[in-house]
Amino acid sequence: MSFYVVQFLTGLASAASLFLVASGLSIIFGVTRIVNFAHGAFYMLGAYMAFTLTERLSGTVGFWGGIVLAALAVAAVGAAVEMILLRRIYKSPELFQLLATFGLTLMVEDLVVILWGPDDLLGRRAPGFRGAIDVFGQNLPSYDLFLIVIGPVVLGALWLLFHRTRWGVLVRAATQDRDMVAALGVNQKWLFTSVFAAGVFLAALGGALQIPRDAVNHTMDLRIIVDVFVVVVIGGLGSITGAFAAAVLVSELNAFGILVFPKISIILVFLVMAAVLIVRPWGLFGKAETAPRRTPGSAVRPWRPLTFAERVAVALVFAAAASLPLFGGNYAISVATEIVIFALFAASLHFLMSAGGLASFGHAAYFGLGSYGVALLAKLAGAPMLVCLLAGPLLGLAGAVVFGFFAVRLSGVYFAMLTLAFAQIAWSVAFQWVEVTGGDNGLLGIWPARLVATPARFYWLSLAISAALVVALRVMVFSPFGYALRATRDSALRGEAIGIDGKRVQWIAFVIAGTIAAVAGALFAYLKGSVFPDSLGISLSVDGLVMVLLGGVETVSGAIVGAIVYKALNIWLVSQTELSKLVLGGLIIVLVVAFPRGIVGMAELVVDRLRRRAQLSASPPSAALAQDIESAK
Amino acid sequence: MSGTAPVLEVEGLTKSYGGVHAVRGVSFSVAQGEIVALIGPNGAGKTTCFNMLNGQIPPDAGRVRLLGEDTTDCPPRVVWRRGVGRTFQITATFSTMTVRENIQVALASHASRTFNLWRSMPDFARRDADALLGLVDMAGYADRPCGELAYGDLKRLELAVALANNPRLLLMDEPTAGMAPKERVALMRLVARIARERTIGVLFTEHDMDVVFEHAERVLVLNRGQLIAEGTPASVRRDPQVRAIYLGEGLLYEGGQHEGANG
């Protein structure tokens, strides 16, 4: 009995930080409509700053002053970020905002390692809360009691702030109707900056308050952000009460999940999240987003199938790619194989994003499930390669069927957060379920059949499968199904009014994209001869997103080009610098801010302009004028 | 009214939002090929009424029957399959497709080809799509991106899309809103002509009384969620209550108090 009480109290104590970070995310989203992926990074910065300040400043005042100062310092950094970066992307599609703030997260991760080193740092104990107290014969750190109190205190303080101050009233007003607040003469710029700084302050405070409890390290940002996403999905974005209730719920589920499913405790959180989503898709305290915002892929210029000449050109490129083993060495061939596999992965994500308007932040889950499907069949059942390649991806398909069912009920940022959370759950299972998956050690010794065992032959196999599936994806884009998918993206209202079951169409698209990603994952397992939890991880999901973005979200097949350029760049970069995350994060931000059309998108634009100019000079002046008016419309 | 079975029958339709009774006990019917206007001042509940007819929002009470079958709790896509075309107050089209493709999507859905993964859509039912575009005088626009059409053209495109399933009934929520006066008249004449040629029942809401009185065979007047008058354009025009709503502010105010006391 006493054990359960202590477990419950520990859960409540963990809820405090989670609530602080989640409420900050919610406040920022309410006003700016940006889901700040970098919130975990600010939480981590808060912890590092607090570590340094509490080391330097001595005594009780020094400790608590250091905690608050750390949060204030990080809030100032947040304000700078808002002014320099976010102001440029408030009008961008959600996907770009999520990606830009993720790029920021990557940069912070490397900066933290530069400044504080890669090792775990142990913070000081809080003065006055060093001991433990006795709860029914069990020890509970007194600092946990302090944290249990701090959660409701902050909730109360936020309530006062939002109901008793002019600033708070403005924030609530802007959460309901930004345009009206602007029309009433409130300076939007400063309101946004102050709200962002306040949200970051809460995140940093959450991080700073963790240091007497947990070691500070450079991976804590992603751990917290996934929990926070789960919290806001359950509680409802934009609701502080929801953030509090859901933070308590998730922390308790984590605390007791270990007792119910010791190996895969995260399953319990997943089950509760699924139940909430079925009953209340917008979270326990959330409200349905009224008008869905513009999704990427809605360029005005309609897509068209390739012309004959273009098909010939593609066939020539394919032939050139297929001839690589004739002159390339083994290293070049294995790099090319990896690129081909990732091109397939990126193409599957791109199908979902461009035609479906569904930006998944957890597409690696299906890639990884495909890898594990192959590995488990090969290792546990001893199945031959052909069987593994055909049946392994079915694990990815099954994952996409289950996760997709829930994910397509939501759209926009909720969809992104949910897919990320699902992928993280899949990752946790692979990581924790050591008996089956080998945990962190992975599964080793997955070798291809002798027929395709040479690098060149395996390259040809990968190229053939990838090319066939990319062609299949393109056929689907221009099939009635592809049009129904785009129709649902463009106007779900109109789609429904002409008999299209949008949710089902999106679900099937999700399953198709997931299965093709799983095929890529299956090939990848054979390329590497091993499978690790990383192949389900966030960084691979984001790699996919960057490939799509680099190639051009609004194109039909830009992801292929994006994957080739990105993967080649990445392999080269890792060999050149230790700080690849810093460079990659910077690249993402530059892409989003300055180059949102991507390589293929830009190329199409240039070709279009040249063609128009040629037409103009060829046609008589009056016709040229008409053309000009036409294009100006 | 020609005496044939009605395409649409509505009985006691009711919807409240919180304490606001948006629609209260509305009953009416539309006969085959009949053109009926639903009019009323802003906030009378016209759009709410419309959204319940095609299943977009579920009514609190009442029944909707289409071609004799109960469709009260059916989603819009099912209602569409029963033969109802719908246009929206603010046009809803697929802006990243060409004009022709907008029609082709509807045609493919009508032919139950939505889940076909391999056929080429750009070649699908091209002739039928072009015929529909010809019907609304947009044959020359087939390859234009829908996203760059003028608003009046979008309205006509929506009409063509709504006709793609050979509907028995068209529901048009303010078909001419946001159009120039000349265009309004032309569009409604077009709708009336098509409806007569193909015996399609039309129910439309409209603020432009010239349009209403030129085309409607019957007019329903909605005020504060209730049907207060029904009849030929001439009789509705003479109705003192209707006159009060549209002309006499004083009478409306009294009526409003009366209504408020009731509700």
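The values are calculated or read from the model by the stated rules, or taken from the named source; none is laboratory data. Just so it is clear, the structure is predicted and the values come from calculations on it, not from any experiment. For neighbour counting, all protein chains shown are included, and Cβ atoms are generated from backbone atoms with ideal geometry for every residue, glycine included.
Residues in the stretch B:120-129 that are free of Cβ contacts under 8 Å to residues at least 12 places away in the same chain and outside any helix (DSSP H, G or I): B:Ser120 only. Counting only strands (runs of 3 or more DSSP E) that fall entirely inside the stretch B:1-119 and contain at least 2 residues that are under 30 Å from B:Ala139 (Cα atoms) and of a type outside the set (Ser, Thr, Tyr), the qualifying elements are B:35-39, B:84-87. Here is a check on your reading of the model: is A:Ser462 surrounded by 20 or more Cβ atoms within 10 Å (Cβ to Cβ), more than 14 Å from chain B (Cβ to nearest Cβ) and closer than 30 Å to A:Val317 by Cβ? Judged against the criteria, A:Ser462 is a match. Restricting the stretch B:108-136 to residues that are more than 9 Å from chain A (Cβ to nearest Cβ) and hydrophobic (A, V, I, L, M, F, W, C), which is nearest to A:Phe478 (Cα to Cα)? Only one residue tops the list, namely B:Ala125. Restricting the stretch A:113-126 to residues that are of a type in the set (A, V, I, L, M, F, W, C) and surrounded by fewer than 20 Cβ atoms within 10 Å (Cβ to Cβ), the residue that is nearest to the chain's Cα centre (by Cα) is A:Val113.
Per the listing A:Ile516, A:Ile508, the residue uniquely closer than 14 Å to A:Leu397 by Cα and free of Cβ contacts under 8 Å to residues at least 40 places away in the same chain is A:Ile508. Taken together, the criteria exclude A:Leu473 from residues that are over 27 Å from the mean Cα position of the chain (by Cα), more than 8 Å from chain B (Cβ to nearest Cβ) and in contact (Cβ under 8 Å) with a residue 40 or more places away in the chain. Can you tell me which residue within the stretch A:22-62, out of those that are more than 15 Å from A:Val81 (Cα to Cα) and assigned to a loop (DSSP other than H, G, I, E, B), is modelled with the lowest pLDDT? Among those residues, the one meeting the criterion is A:Ser58. Screening the stretch A:259-279 for residues that are within 29 Å of A:Val112 (Cβ to Cβ) and not small (Gly, Ala, Ser) and picking the one that is surrounded by the most Cβ atoms within 10 Å (Cβ to Cβ) gives A:Ile266.
Being of a type outside the set (Phe, Trp, Tyr) and within 29 Å of A:Leu584 (Cα to Cα) narrows it down to one of A:Val113, A:Val61, A:Val5, so name that one.
Answer to the selection: A:Val113.
Set side by side, the residues A:Phe37, A:Phe3, A:Phe42, A:Phe8 differ, and just one is of a type outside the set (D, E, K, R), under 21 Å from A:Leu418 (Cβ atoms) and in contact (Cβ under 8 Å) with a residue 24 or more places away in the chain, which is A:Phe37. Of all residues in the stretch A:30-66, exactly one satisfies the criterion of being β-branched (Val, Ile, Thr), surrounded by 24 or more Cβ atoms within 10 Å (Cβ to Cβ) and over 27 Å from the mean Cα position of the chain (by Cα), namely A:Thr54. Looking only at residues in the stretch B:137-178 that are crowded, with 23+ Cβ neighbours inside 10 Å and within 9 Å of chain A (Cβ to nearest Cβ), the one that is farthest from B:Ala92 (Cα to Cα) is B:Ala164.
With respect to the conditions (1) in contact with a Lys or Arg (Cβ under 7 Å, 6 or more places away or on another chain); (2) crowded, with 22+ Cβ neighbours inside 10 Å, A:Asp110 lacks only one, and its number is (2). Quick check on my filter: what residues within the stretch B:1-57 are of a type in the set (Val, Ile, Thr) and farther than 29 Å from B:Asn166 by Cα? Matches in the stretch B:1-57: B:Thr14, B:Val20, B:Val23. Does A:Val77 satisfy the criteria of being modelled with pLDDT of 95 or more, out of contact with any Pro (no Cβ under 7 Å at 6 or more places or on another chain), over 23 Å from A:Phe415 (Cα atoms) and surrounded by fewer than 24 Cβ atoms within 10 Å (Cβ to Cβ)? In short, yes.
Pick from A:Leu473, A:Leu485, A:Leu418, A:Leu469: which is at pLDDT below 90, assigned by TED's automatic domain parsing to the domain that holds A:Ser360 and under 29 Å from A:Gly357 (Cβ atoms)? Before you say what the answer is, go through the steps one by one.
Numbers: A:Leu473 fails: at pLDDT below 90; A:Leu485 fails: at pLDDT below 90; A:Leu469 fails: at pLDDT below 90.
The conditions single out A:Leu418.
Listed by position, the helices (runs of 4 or more DSSP H) enclosed by the stretch A:478-547 that each have at least 2 residues that are more than 9 Å from every other protein chain (Cβ to nearest Cβ) are A:480-490, A:502-528. Elements of the type helices (runs of 4 or more DSSP H) sitting completely within the stretch A:359-428 and holding at least 3 residues that are under 18 Å from A:Leu444 (Cβ atoms): these cover A:364-380. Among the residues of the stretch B:197-238, those identified as over 16 Å from the mean Cα position of the chain (by Cα) and within 21 Å of B:Val84 (Cβ to Cβ) are B:Glu197, B:Arg198, B:Leu227. Considering the conditions (1) more than 9 Å from chain A (Cβ to nearest Cβ); (2) over 25 Å from B:Ala192 (Cβ atoms), B:Glu101 is excluded by exactly one of them, (1). Look through the stretch A:309-322, keep the residues that are more than 14 Å from every other protein chain (Cβ to nearest Cβ) and not aliphatic (A, V, I, L, M), and return whichever of them is nearest to A:Val471 (Cα to Cα). Among them, the one singled out is A:Phe318. For the stretch A:173-193, the candidate set comprises residues that are of a type outside the set (Val, Ile, Thr) and in contact (Cβ under 8 Å) with a residue 60 or more places away in the chain; within that set, the residue that is farthest from A:Val31 (Cα to Cα) is A:Lys189. Would you call A:Glu338 among the charged types (D, E, K, R) and either within 14 Å of chain B (Cβ to nearest Cβ) or out of contact with any helix residue (DSSP H, G or I) (no Cβ under 7 Å at 6 or more places or on another chain) (or both)? When the stated conditions are applied, A:Glu338 does not pass them.
Quick one: count up the residues across the stretch A:304-323 that are charged (D, E, K, R) and not in a helix (DSSP H, G or I).
Here the count works out to 1.
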